[in-house]
Amino acid sequence: MKKEKQKELIDKYPKFFERIGPIGFHCRDGWFNILDEILGCIYKYCEDNKHSPIYGKSIIDNEFVFPSITTIKEKFGSLDIYTDSSDELIRGMIAVASYLSRKTCEFCGRKINVGRTHGPWIYTVCEVCREKEPRVKELEWTPSTDQYFD
Ligand SMILES: [Zn+2]
């Protein structure tokens, strides 16, 4: 993901990154909106549940500590987000992000005519971007059967 896009998310959701520092987002720009929505959702949830014991407290001053996001990456054509602490709801939100990413072009963010390539590299890519990317075009591609319709 482009540095300025990464910075936008880190600046918007700083508490996810304050303990471990900014991380690299190892996915393409097409998934920016999914990340923005899901990070926003988790952020709000954490803000609203500051007194829950699930997030732990800092040892020094017993203040609430947000979970840190340790990794954001593309893996087998879908989006993966790792945190150092979570609960069932956070894991559910992350699962939604992965689900959405499998139907969203990782290059441009389109949700129409999206499909996935088959090994050795799995890309989630729309028909338009597939034509533009030589390394993607040569791979076998099957349309997603579970499309979004705008
Ligand atoms: Zn595309």
Can we say Thr142 is β-branched (Val, Ile, Thr) and within 13 Å of the ligand (Cβ to nearest atom)?
no
Among the residues of region 9-50, count how many are loosely packed, with under 15 Cβ neighbours inside 10 Å and among the charged types (D, E, K, R).
9
Give me the pairs: first residue in region 94-110 and under 13 Å from Tyr123 (Cα atoms), second residue away from the ligand (no atom under 16 Å from the Cβ), beta-carbon distance under 7 Å, and six or more apart or on different chains, which are they?
Lys103/Asp146
How many residues, within region 1-36, are more than 18 Å from Pro67 (Cα to Cα), in contact (Cβ under 8 Å) with a residue 40 or more places away in the chain and part of a helix (DSSP H, G or I)?
6
For residues in region 3-39 being among the small types (Gly, Ala, Ser) and either under 13 Å from the mean Cα position of the chain (by Cα) or within 16 Å of the ligand (Cβ to nearest atom) (or both), which is nearest to Gly109 (Cα to Cα)?
Gly30
Scope region 94-116; condition out of contact with any Ser or Thr (no Cβ under 8 Å at 6 or more places or on another chain) and within 13 Å of the ligand (Cβ to nearest atom); matching residues
Phe107, Cys108, Gly109, Ile112, Asn113
Answer with yes or no whether Arg135 is more than 12 Å from the ligand (Cβ to nearest atom) and surrounded by fewer than 17 Cβ atoms within 10 Å (Cβ to Cβ).
yes
Ile54 - would you say it is at pLDDT 95 or above, out of contact with any Leu (no Cβ under 6 Å at 6 or more places or on another chain) and away from the ligand (no atom under 16 Å from the Cβ)?
no
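The values are calculated or read from the model by the stated rules, or taken from the named source; none is laboratory data. Just so we're clear, the structure is a prediction, and the values are computed from it rather than from any experiment. Glycine gets a Cβ as well: all are built from the backbone with ideal geometry, and neighbour counts include every protein chain shown.
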